[in-house]
Amino acid sequence: MLLLAVETSCDDSAVAVLDQDGNALAELVSTQMVHGEHGGVVPEIASRLHMTVLPGLVREVLDKSRTSLNDMDVFAATAGPGLTGSLLVGLSWTKATAFALDKPFLGINHLSAHLHIHHSSPVEFPAVALLVSGGHTMIFHMSSWSECVLLGTTRDDAAGEAFDKTAKLMGLGYPGGRIIDELARHGNPGSVALPSPMGSKKLPEFSFSGLKTAVRLVWEAGEVSPEDLSAGFRKTVCDLLVSKTMYQAGKLGAESVLVAGGVSANSLLRSEFLRECRKRNLKLFLPPVEHAMDNAVMVGRAALSALKSDPSAHSTASCNTFARWHGKMLSPLSC
Ligand code: KG4
Ligand code: ZN
């Protein structure tokens, strides 16, 4: 069985061909660099670039995997949450191709897809999962791949957004997460005092906008180096993410801890989770850095997970995009 997966929820166009076990025969991600000039993603530019790039990307992935569209048994694309114009490009292309070839199509939830990057790994349940990206910061309780309940989310900015906005106010460029992570390696986190909003580890909710304001005040006072401020900011964010996730893992008797989303590429976050999970003898699943960011392999694995629960699972022609997800139970199939 072969599956073609497409992801265009934000500023990365991604395509992958997977086999029935979730192995990628080929995958490609095309990242839109132009947004750096604007200090953030410009939705109209993003959707136009997806339209330009997607057909060639599909052709290249098919060539690399030595397959053709006719070889595909199933098609899957991200339906949301994300930028509507961007989502429409990938969803419409994939839906139209599937229906033209008379093959099943699955509209996939992007948040569930991030967690499903670990679907091919030996996860033991119950598990606690942290999804930490540019748009989301959420903790989930997973009893199985098909039973995933939201425990809490952020009340304002997502962690990745906080990294990006902090880098922007410090004049470091976009996207800022990787830049701050790099600078922080050369700084001393103890040299700057920053608040930890909603700091109780027992509360599975986050707030990062006040922290960003605190960084601005310190930065404008001009007494701390960019390296030290980056290190202080990174440590504050990582401590909040790790302490809250580990508390829930203990409280719910989790066997595994899953981390996913762009911020899971952060080097301090990875080492803190490694240390804490080792201490408690918990299985830890971190994505390879290239699969922390948006990619199509996770979309394909989410589709395979939906098909494993129900082999006849599919979306109808009316499956539409959605900008936000307000649910409590997270499922791979979104419509
Ligand atoms: O998952 P993703 O590719 O897209 C969304 O679904 O949002 O995540 C992108 C986010 C950006 O905010 C970026 O700054 C952040 O992931 N990011 C990082 C690192 N690498 C990427 N944040 C902290 N440290 C990193 N090394
Ligand atoms: Zn994402």
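List of remarks:
- Within the shell defined by Cβ-Cβ distances under 13 Å, the residues around V299 carry a net charge of -3, with Lys and Arg each +1 and Asp and Glu each -1.
- For the set K95/K168; K244/K328; K165/K283; K283/K308, the pairs lying more than 29 angstrom apart at their alpha carbons are K95/K168; K165/K283.
- Restricting region 220-298 to GluC sites (Glu not before Pro) in coil, as DSSP defines it, with at most 12 other Cβ within 10 Å: E223
- For the chain, the cysteines with no partner cysteine C-beta closer than 4.7 Å are C10, C148, C238, C277.
- Environment charge at R275 (Cβ cut-off 14 Å; Lys +1, Arg +1, Asp -1, Glu -1): +2
- Charges were assigned to the Cβ only: +1 to each Lys and Arg, -1 to each Asp and Glu. The resulting dipole of region 267-335 about its Cα centre is roughly 400 debye.
- Once exposed loop trypsin sites (Lys or Arg not before Pro) are cut out (DSSP; at most 10 other Cβ, 10 Å), longest piece of the chain: 67-201
- Length released on extending from R66 to R275, taking residue separation times 0.36 nm less the Cα-Cα span: 71.1 nm
- Centre-to-centre, using Cα atoms only, region 170-245 and region 5-75 are separated by 32 Å.
- Selected from L252, L18, L57 as most flexible by GNM, with the chain as the system and alpha-carbon contacts under 10 Å: L252
- Projected label distance in nm at K328 and D102, using a 7 Å step from Cα toward the beta-carbon: 4.3
- To put it simply, the accessible area of the chain at a 1.4 Å probe is 53 percent carbon and sulfur.
- Cβ-based net charge around H141, under 15 Å, with every Lys or Arg adding one and every Asp or Glu removing one: 0
- Residue with peak Gaussian network fluctuation, the chain [Cα springs, cutoff 10 Å], from A184, A317, A302: A317
- Region 28-162 - charge dipole about Cα centre, Lys and Arg +1 at Cβ, Asp and Glu -1, debye rounded to 20: 260
- The chain, helix-only ellipticity at 222 nm - DSSP H runs n ≥ 4, -39,500 (n - 2.57), divided by all residues, nearest 500: -13000 deg cm²/dmol
- Degrees, to the nearest 10: 43-64 long Cα axis against longest axis of the chain: 60
- Positive dipole terminus of region 78-175, leading residue within P104, F140, P122 (C-beta point charges): P104
- Selected from S207, S264, S121 as most flexible by GNM, with the chain as the system and alpha-carbon contacts under 10 Å: S121
- For region 123-287, accessible area per residue (1.4 Å probe, heavy atoms of protein chains only), Å²: 40
- Between 0 and 90°, nearest 10: helix 297-309 axis offset from the chain longest Cα axis: 60
- Ellipsoid fit via the Cα gyration tensor, the chain: semi-axes of 34, 23, 16 Å, each the root of five times an eigenvalue, largest first.
- Per-bin percent of Cα-Cα distances, region 123-287 [10 Å]: 11, 42, 32, 12, 2, 0
- Rolling a 1.4 angstrom probe over the protein heavy atoms with all chains in place gives region 1-117 an accessible area of 38 Å² per residue.
The values are calculated or read from the model by the stated rules, or taken from the named source; none is laboratory data. Since the model is a prediction, treat every value here as computed from it, not as a measurement. For neighbour counting, all protein chains shown are included, and Cβ atoms are generated from backbone atoms with ideal geometry for every residue, glycine included. SASA here: full protein model, heavy atoms, side chains in, ligands and nucleic acids out. Shrake-Rupley method; radii C 1.70, N 1.55, O 1.52, S 1.80 Å.
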